[in-house]
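A.B. asks: Sending over a structure as structure tokens; questions will come in a sec.
Laboratory data are not the source of any read-out in this text; all were calculated from the coordinates shown. Just so it is clear, the structure is predicted and the values come from calculations on it, not from any experiment. Note: ideal-geometry Cβ built from the backbone for every residue, glycine included; neighbour counts use all protein chains shown.
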Amino acid sequence: MKGLNVLAAFLGGAAVGAALGILFAPEKGEDTRSKIAEALRKRGIRLNRNEMDDLVDEIASEIKNETAE
């Protein structure tokens, strides 16, 4: 059980790290959002522009909350 928690924490950290890397990359926001949308589409997840904006805002909020702790 403990090993599963460690694995879940590692995978969660990797996902947040990847999201941060993409969000803070030196590219235009529109290009970055397009790349994120394409990556999600390849996995069968389709989001419209508003849903993508909400997802980015949610990720940014989570990051701010984690750094504040």
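A.B. asks: Please specify each residue of region 12-28 satisfying the condition of being within 14 Å of the chain's Cα centre (by Cα) and surrounded by fewer than 10 Cβ atoms within 10 Å (Cβ to Cβ).
C.D. replies: GLY21
A.B. asks: Provide a single number: the residues in region 39-51 that are within 17 Å of ALA15 (Cβ to Cβ) and surrounded by 10 or more Cβ atoms within 10 Å (Cβ to Cβ).
C.D. replies: Matching residues across region 39-51 total 4.
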